[in-house]
Amino acid sequence: MPANYEQAITLTGDLHARPAGALAVAAARFSSAVSLTVGTSRADAKSVLGVMGLGATSGQHITVAAEGPDAEEAVAAIVTILTQATRVGA
Amino acid sequence: MSLDARVGIVLVSHSAELAEGAAALAAQISGGTVAIIPAGGTEEGQLGTSAAKVQRALKLADSGAGVVILPDLGSAVLTVRALLSEAGDLPTPVELADAPFVEGVVAATVAAAAGADMKAVLAAAEEARHARKL
């Protein structure tokens, strides 16, 4: 059943190219539409260039939202990547 | 097409260093699971393009799911078009993308790494021209 799901986290590191790539590859595995919102900027999580274009930095709040049959799993997967890949030193 | 086949990418640049650098960057961002083969410069190591280099790169990039070619500037397109119209023994399908070089290879490679088919990888490359950096 289609569902909406979202979760906000605070970045502990900048969202650089490599985590953006990992995030887009992971998001593409889900059939749900997945978006990232930082302030007034919103990007399709499946678009690596869109994710990098957010220019999200450490300390910013980022909202991961998904709509579709696997929305909850998609949000959980993306939040995990954001948490791990932007950890300082990663 | 095998279950694990990914669309391959060939980078055709007038500069060997430019093609190699863009390939390395895209490989790191996409996780290293896609064949991204640089074909830059001439056979003599000068600035220019080489149909023979492109042909070798196409073979290396092909794992059965097709190959998308990204040219750096317009005249690389001429080399690729001539090759595609004349040479036999090329990967099928093979498509030339009308896309920005760096953004295009990054977007195409990430799509290929996620298992996208030829049409979707080509679309990812071509949509890269609309991506904003700021």
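Throughout, read-outs are computed from the coordinates displayed, never taken from laboratory work. The structure displayed is predicted, hence computed values, not measured ones. Every residue, glycine among them, receives a Cβ derived from its backbone with ideal geometry; neighbour counts consider all protein chains shown.
Over 22 Å apart: what share of the alpha carbon pairs of chain B falls there, rounded to a whole percent? Every Cα pair in chain B considered, those over 22 Å come to 27 percent.
The alpha-carbon of B:K119 sits under 18 angstrom from the alpha-carbons of these aspartates and glutamates, leaving out residues fewer than 8 places away in its chain: B:D4, B:D62, B:E95, B:D98, B:E103, B:E127.
Each label point is 7 Å from the Cα along the Cα-to-Cβ direction; what then is the distance between the points at B:H130 and B:L73, in nm? Computed distance between label sites B:H130 and B:L73 equals 2.8 nm. Amide H contacts under 5 Å for A:R29: none, restricted to partners 5 or more places along the chain or on a different chain, H placed in the peptide plane at 1.01 Å from N.
When the P(r) of the protein assembly as shown is calculated, the portion above 27 Å amounts to 35% of the C-alpha pairs. Axis angle, to the nearest 10 degrees, between helix A:17-27 and the longest C-alpha principal axis of chain A: 10 degrees. Of the GluC sites (Glu not before Pro) in segment B:35-87, the ones in a loop by DSSP (not H, G, I, E or B) with at most 14 other beta carbons within 10 Å are B:E43, B:E44.
Take each residue in A:43-52, count the other chain C-beta atoms within 10 Å of its C-beta, and the mean is 6. Helix A:71-85 and the longest principal axis of the Cα set of chain A meet at an angle near 10°. By DSSP, the beta bridges lying fully in the protein assembly as shown are antiparallel in about 55 percent of cases. Rounded to 0.05, the FRET efficiency of the A:R29 and B:D89 pair, given R0 = 30 Å and the Cβ-Cβ distance, is 0.30.
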